[in-house]
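I'd like to ask you about the structure that follows.
The values are calculated or read from the model by the stated rules, or taken from the named source; none is laboratory data. It should be emphasised that the depicted structure is a prediction, and the values quoted were computed from it without experimental measurement. Methodologically, a virtual Cβ is constructed for each residue, glycine included, from the backbone with ideal geometry; neighbour enumeration extends over all protein chains shown.
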Amino acid sequence: MTTYTGNVTPGGTPEVRELSRLIITKVAVDDTMSNNCYVLRCRATDEQVLIDAADDAPTLLALLGPAGATKVITTHQHWDHHRALSDVVAATGAVTVAGEPDAAAITEQTGTQVDDAVRQGDVVEFGEIRLEVIHIVGHTPGSIALKYDDPDGTPHLWTGDSLFPGGVGNTFGDADAFVSLINDVEAKIFGTLPDETWFYPGHGNDSTLGVERPQLAEWRERGW
């Protein structure tokens, strides 16, 4: 079996990670933005969800295959993370999920209603898998991260554009938004999860909290 690295490029081969109860497929779409999209499949039931229908609906639908998706989770309201949402939902009938403060903007931009507007501590379930919602304010008002606490291994976390290897997400020069973002990331992610937690961002490569934790003070000091 090929070792999972999390390194993907638009037009390239998806990467697959097999956990005891969950199979994760990561693919990148759009040569310019290089957005990451994630198909999560419950081993027990074969039920699937998609995190961020960012672009290129044909590629995403091919990854989902005949099983389709029962839910599509959008990590935040920015346009590059939901360009394929309406097409994927039309093809699969999936329930749409997003953070409550971003839901109206996502609906306005995509023409697709958000069925399940979630908040801090809510749980998104599919098959036997539970994803806990972590509300992270700063990159957008309603950005969410999704935590899978693997009962047979380490935690896994999908962070959208709130946390990347080397820093938190862009706050576009808004100092107050940066403080909110770094505070939430420190308290709700680094403050509650162990170093071995593997996280999957909205763009680029994956990392672990242990690799990034020593840089937190530097990120705060530099202001981005």
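Specify the residue that is farthest from H78 (Cα to Cα); the eligible residues are those in the range 6-27 that are without any contact (Cβ under 8 Å) to a residue 24 or more places away in the chain and either surrounded by fewer than 16 Cβ atoms within 10 Å (Cβ to Cβ) or not acidic (D, E) (or both).
Checked the range 6-27; the qualifying residue farthest from H78 (Cα to Cα) is E18.
If G160 satisfies every condition in (1) of a type in the set (G, A, S); (2) surrounded by fewer than 24 Cβ atoms within 10 Å (Cβ to Cβ); (3) within 15 Å of Y38 (Cβ to Cβ) but one, which is the exception?
If we test G160 against (1) of a type in the set (G, A, S); (2) surrounded by fewer than 24 Cβ atoms within 10 Å (Cβ to Cβ); (3) within 15 Å of Y38 (Cβ to Cβ), just (2) comes out false.
Can you name the residue in the range 184-207 that is without any contact (Cβ under 8 Å) to a residue 40 or more places away in the chain and not in a loop (DSSP other than H, G, I, E, B) and, of all such residues, is surrounded by the fewest Cβ atoms within 10 Å (Cβ to Cβ)?
A187
Here's something else I'd like to know. Just checking, does the range 40-53 include any residue being more than 23 Å from E128 (Cα to Cα) and either of a type outside the set (D, E, K, R) or at pLDDT 95 or above (or both)?
Within the range 40-53 (the criterion being more than 23 Å from E128 (Cα to Cα) and either of a type outside the set (D, E, K, R) or at pLDDT 95 or above (or both)), the answer is no, since none of the residues qualifies.
Within the range 56-79, work out how many residues are more than 17 Å from V123 (Cα to Cα) and touching a His at 6+ places or on another chain (Cβ under 9 Å).
1
Would it be correct to say that V211 is part of a loop (DSSP other than H, G, I, E, B), β-branched (V, I, T) and in contact (Cβ under 8 Å) with a residue 24 or more places away in the chain?
no
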